Amino acid sequence: MERTFLMVKPDGVQRNLIGEIVSRFEKKGFQLVGAKLMHIPTELAEQHYGEHKERPFFGELVDFITSGPVFAMVWEGENVIATARQMMGSTNPKDAAPGTIRGDFGLTVGKNVIHGSDSPASAAREIGLFFKEAELVEYKKLVNEWVY
Ligand code: RTP
Ligand code: MG
């Protein structure tokens with residue numbers, strides 16, 4: 001089963017959007033297998049956004065993502081990497097469709113509420129950067145045995 005790394009960025013945490021965002025992925029039917037509220041150390045932020053090291057906005061990006069707590073998550077499900085990116089919407093909120101997270105809540109490209117892995121390789125890399133194996137919980141949904 002596929003897994004992805006999603007993160008409510010500092011602006012999303014400040015704006016009390018953790019519950020709204022978790023709720024969207026829950027209602028879609030994906031399974032939460034790991035989550036934590038954390039302050040990202042600078043070195044981890046630089047590793048996480050390593051692909052953008054040469055970009056002019058790299059410094060701002062690292063400053064922003066370390067400016068306050070983030071809510072880091074691992075979600076599981078069929079095609080969760082691509083589907084989560086669809087649910088997030090375009091990087092720049094001005095281009096993000098209504099109904100997507102960035103379309104509904106994002107204001108600027110720098111403060112676009114959520115991060116999501118963009119490929120299986122980046123998902124594996126980012127999950128490994130943020131979570132230890134023991135922090136990821138494998139479990140079966142038993143609801144069909146409890147509800148009629
Ligand atoms: P993310 O990695 O955060 O999920 O976003 P993304 O894949 O949609 O976009 P990416 O190209 O990976 O860019 C990473 C983050 O950098 C910020 N950014 N700023 N000032 C700018 O022109 C600019 N371009 C990108 C955004 O916050 C973007 O999410
Ligand atoms: Mg990206």
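Quick look at the numbers
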item	result
Lone unmet requirement of (1) within 14 Å of the chain's Cα centre (by Cα); (2) in contact (Cβ under 8 Å) with a residue 40 or more places away in the chain for LEU37	(2)
Those residues of segment 118-140 which are within 15 Å of ILE65 (Cβ to Cβ) and not acidic (Asp, Glu), in sequence order	LEU129, PHE130
Extreme residue, nearest to GLY29 (Cα to Cα), among residues of segment 60-74 that are open to solvent by less than 10 Å² (accessible area, probe 1.4 Å) and more than 16 Å from ligand 2 (Cβ to nearest atom)	VAL74
Residues satisfying the stated conditions in segment 93-116, i.e. over 18 Å from PHE25 (Cα atoms) and within 14 Å of ligand 2 (Cβ to nearest atom)	VAL109, GLY110
Breaking point among (1) open to solvent by less than 30 Å² (accessible area, probe 1.4 Å); (2) within 14 Å of ligand 2 (Cβ to nearest atom), for PHE57	(1)
Selection count where residues are of a type outside the set (Asp, Glu) and within 14 Å of ligand 2 (Cβ to nearest atom), scope segment 121-139	5
Residue within segment 81-93 that is among the β-branched types (Val, Ile, Thr) and more than 8 Å from ligand 1 (Cβ to nearest atom) present	yes
Residue under evaluation MET87, criteria (1) touching a strand residue (DSSP E or B) at 6+ places or on another chain (Cβ under 7 Å); (2) open to solvent by 20 Å² or more (accessible area, probe 1.4 Å), criterion not met	(1)
Given (1) closer than 18 Å to SER122 by Cα; (2) aliphatic (A, V, I, L, M); (3) crowded, with 17+ Cβ neighbours inside 10 Å, number of the condition ALA82 does not satisfy	(3)
Residues being hydroxyl-bearing (Ser, Thr, Tyr) and within 13 Å of ligand 1 (Cβ to nearest atom) - total across segment 9-34	0
Of all residues in segment 35-54 being surrounded by 13 or more Cβ atoms within 10 Å (Cβ to Cβ) and within 12 Å of ligand 1 (Cβ to nearest atom), the one that is farthest from GLY12 (Cα to Cα)	HIS52
Some residue of segment 125-136 being farther than 21 Å from HIS52 by Cα, loosely packed, with under 12 Cβ neighbours inside 10 Å and acidic (Asp, Glu)	yes
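The values are calculated or read from the model by the stated rules, or taken from the named source; none is laboratory data. Please read all numbers here as calculations on a predicted model, not as lab measurements. Using ideal geometry, Cβ is built from the backbone for each residue, glycine included, and neighbour counts are taken over all protein chains shown. Heavy atoms of the whole protein, side chains included, go into the accessibility calculation; ligands, DNA and RNA do not. Shrake-Rupley method; radii C 1.70, N 1.55, O 1.52, S 1.80 Å.
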